[in-house]
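Structure, as structure tokens:
Taken together, the values in this text are just the output of simple stated rules run on the coordinates, not laboratory data. These numbers come from a predicted model, not from an experiment. Cβ placement follows ideal geometry from the backbone for every residue including glycine, while neighbour counts extend to all protein chains displayed.
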Amino acid sequence: MRWRRRWAIEIKTPEQVARMRQAGLVVARTLRVLAEAVRPGITTADLDSIAAREIRAAGAVPSFLGYQGYPATICTSVNEEIVHGIPSPVKRLRGGDIISIDCGAIVDGWHGDAAVTVGVGEIAPEHERLLSVCEAALWAGLARARPGGRLSDISHAVERSVRTAGPYGVIREYVGHGIGTAMHMDPPVPNYGPPGHGPRLTAGMALAVEPMVVLGSRQTAELPDGWTVVTVDGSWAAHFEHTVAITPEGPWVLTAEDGGRPAGASLTSSTGARGEGGAADAR
């Protein structure tokens with residue numbers, strides 16, 4: 001990816017980041033409820049209804065519903081679907097499936113965005129491994145969200161984590177993004193590339209980091225619905241995402257329900273648990 005010399009990056013005050021944390025908690029709790037609801041026989045439309053109920057009950061607004069015409073509260077992408085799958089009353093989950101659930105919420109004008117991929121009942125060992133590899137790559141990227149680094153340090157950490165795990169494909173056409181007063185903002189956050197490039201990471205930035213990893217080729221196609229993205233070769237995909245704020249102390253994972261506070265030396269996976277600003281220097 002070629003980096004622009006300058007991006008219009010929103011810098012948040014500590015108070016604004018704290019407000020984003022409230023949106024992040026709504027997303028985290030909603031995803032937990034949804035993951036617990038996943039079972040053979042449930043439809044993806046059922047999951048969408050649960051998400052709408054949880055987000056509204058928390059006093060928040062769904063980020064996705066109506067966004068560029070998107071017709072649902074969450075994205076539900078099953079098996080070879082990578083991202084942006086539309087919930088459907090006829091899409092019934094079966095034992096052995098895997099499903100990515102992507103969720104966004106707005107609280108007082110501030111967005112949170114996260115995704116998790118879960119198995120439906122017992123899943124094949126290679127799919128368990130796929131999920132673990134993708135989530136580990138997410139946390140490797142989040143650990144690099146520190147002041148003074150470069151944006152591509154995050155990208156490189158994600159790709160390196162996947163590459164060292166085995167011959168998996170890393171999706172390139174769909175990337176993470178800045179987030180704050182809008183769901184999608186500058187800068188884009190690729191899941192690949194060398195370190196040391198792109199905008200300087202600055203306290204007050206907030207990013208949605210979201211690796212998408214596949215068992216086969218990284219080639220993608222968009223279905224006729226205009227939203228759902230699938231693998232061309234039919235291989236299965238995993239997708240994990242968190243919203244992270246860069247603070248003077250390090251990364252604060254705003255969509256991690258168990259706290260997500262800056263962790264000093266390292267960040268670890270939470271599997272099973274858990275402004276007034278100007279433009280950042282992007283030279």
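Is there a residue being of a type in the set (A, V, I, L, M, F, W, C), surrounded by fewer than 16 Cβ atoms within 10 Å (Cβ to Cβ) and touching a Ser or Thr at 6+ places or on another chain (Cβ under 9 Å) anywhere in the range 64-77? No - not one qualifying residue is present in the range 64-77.
Note on the range 210-230: residues that are of a type in the set (Val, Ile, Thr) and within 17 Å of Phe64 (Cβ to Cβ) total 2. One residue stands out among those in the range 151-173 that are more than 15 Å from the chain's Cα centre (by Cα) and small (Gly, Ala, Ser): the one that is nearest to Val213 (Cα to Cα), which is Gly169. For the range 23-42, taking the residues that are farther than 23 Å from Trp252 by Cα and β-branched (Val, Ile, Thr), the one that is surrounded by the most Cβ atoms within 10 Å (Cβ to Cβ) is identified as Val38.
Matching residues to (1) out of contact with any Gly (no Cβ under 9 Å at 6 or more places or on another chain); (2) surrounded by 16 or more Cβ atoms within 10 Å (Cβ to Cβ); (3) closer than 28 Å to Gly148 by Cβ; (4) among the acidic types (Asp, Glu):
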position	(1), (2), (3), (4)
Arg172	yes, yes, yes, no
Pro187	no, yes, yes, no
Ala203	yes, yes, yes, no
Pro211	no, yes, yes, no
Glu222	yes, no, no, yes
Val229	no, yes, no, no
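The set of residues from the range 82-128 being part of a strand (DSSP E or B), within 23 Å of Gly41 (Cβ to Cβ) and touching a Ser or Thr at 6+ places or on another chain (Cβ under 7 Å) comprises Arg92, Ile98, Ile99, Ser100, Ile101, Cys103, Ala115, Thr117.
Within the range 129-150, the set of residues being under 16 Å from the mean Cα position of the chain (by Cα) and either farther than 30 Å from Gly96 by Cβ or not in a helix (DSSP H, G or I) (or both) comprises Ala143, Arg144, Ala145. Condition first: among the acidic types (Asp, Glu) and within 17 Å of the chain's Cα centre (by Cα). Now tell me which residues in the range 61-105 satisfy that. Answer for the range 61-105, where residues must be among the acidic types (Asp, Glu) and within 17 Å of the chain's Cα centre (by Cα): Glu81, Asp102.
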